[in-house]
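J.: Quick one: this structure, given as structure tokens, is what I'll be asking you about.
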Amino acid sequence: MDYKSVSWDKYTDESLDFILDQSEKLLEETFKSFREVINKSYIALAIYVSIISYCYNEIIAYHTSIIKTIPYCVLICGTGYCIYLIWDNLFPTKMSFLGSQPRVLIDRYFEQFSDNDQIRVYKASKIADYDEGISTNKIQIDKRNDNFKWSAKTLFMSIFISLLFYWLCRP
């Protein structure tokens, strides 16, 4: 949204306050969603590492029988791929925050307006900034949610294939 091209005169001060308030609420919710995905990813990582550890111990226990280790090797490979899928979720990324630095708000552009108009233009610029920030945050959240979903689907598929091999390789 290009806030300079919008006709802000058609909006009352109350409607601008409402838009700004709703934008702030949504931007805050994107942070909560982002943190939830990160927390789920760390929990999933702990589960994946536990599965790999268990499988590795079972492979060592059956080191004399290669046939009996096949299901565990399949599960290790699938779980390793799950870790690969959520790996990006575990690192920081660029997010948009609430508020502004003073150097952004102290700009010659805003000096050309009178007192009442100046606050309206400030509100309009914050609305545009929040709109852009919400879009940026949503893209990051969607990407991380997709990674998490695919890692969970891959884990269940790996478990299924591993169980299939386990039943096929039984003596």
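Nothing in this text is a laboratory measurement; each read-out follows from the coordinates by a stated rule. Note that the coordinates shown come from a computational prediction; the quantities given were computed from them, not determined experimentally. Backbone-built Cβ (ideal geometry, glycine too); neighbour counts: all protein chains shown.
J.: Which of the pairs LYS10/LYS94; LYS25/LYS143; LYS40/LYS153; LYS32/LYS94; LYS25/LYS123; LYS10/LYS32 have their Cα atoms more than 23 Å apart in this structure? Intermediate values should be presented prior to the final figure.
T.: Values: LYS10/LYS94 34 Å; LYS25/LYS143 21 Å; LYS40/LYS153 14 Å; LYS32/LYS94 15 Å; LYS25/LYS123 15 Å; LYS10/LYS32 33 Å.
From the list (LYS10/LYS94; LYS25/LYS143; LYS40/LYS153; LYS32/LYS94; LYS25/LYS123; LYS10/LYS32), the Cα-Cα distance tops 23 Å for LYS10/LYS94; LYS10/LYS32.
J.: Also, I was wondering about something else. Could you tell me how many degrees, from 0 to 90 and to the nearest 10, lie between the Cα long axis of helix 115-168 and the main elongation axis, the longest principal axis, of the Cα atoms of the chain?
T.: 10 degrees
J.: A further question follows. Fewest to most neighbouring Cβ within 10 Å: what's the order for TRP150, TRP167?
T.: Lowest count first: TRP167, TRP150.
J.: If you don't mind, another one. Quick one, which of [x] 16.3; [y] 19.8; [z] 17.3 is the actual Kirkwood radius over Cα pairs in Å calculated for this model?
T.: Identified label for the calculated read-out: [y].
J.: Please determine, in degrees from 0 to 90 and to the nearest 10, the orientation of helix 13-61 with respect to the longest principal axis defined by the Cα atoms of the chain, where the helix direction is its Cα long axis.
T.: 10 degrees
J.: Also, I was wondering about something else. Which ³J(HN,Hα) values, rounded to whole Hz and listed in residue order, are derived for the stretch 86-97 from phi using the Karplus coefficients 6.51, -1.76 and 1.60 in 6.51 cos²θ - 1.76 cosθ + 1.60 with θ = phi - 60°, glycine and proline given as x?
T.: Result, ordered by residue: 9, 4, 5, 5, 8, 10, x, 9, 6, 10, 9, 10 Hz.
J.: A further question on this structure: Please report PHE148, PHE31, PHE156 as a ranked list, fewest other C-beta atoms within 10 angstrom at the top and most at the bottom. Mind dumping the intermediate values first?
T.: Working: PHE148 20, PHE31 15, PHE156 11.
Ranking PHE148, PHE31, PHE156 by Cβ neighbours within 10 Å, fewest first, gives PHE156, PHE31, PHE148.
J.: Just how large is the dipole of the stretch 12-168 about the Cα centre, in debye to the nearest 20, putting +1 at every Lys and Arg Cβ and -1 at every Asp and Glu Cβ? Show your work: numbers first, answer last.
T.: Values: 16 positive and 19 negative charges, 209 e Å.
So the dipole magnitude of the stretch 12-168 works out to roughly 1000 debye.
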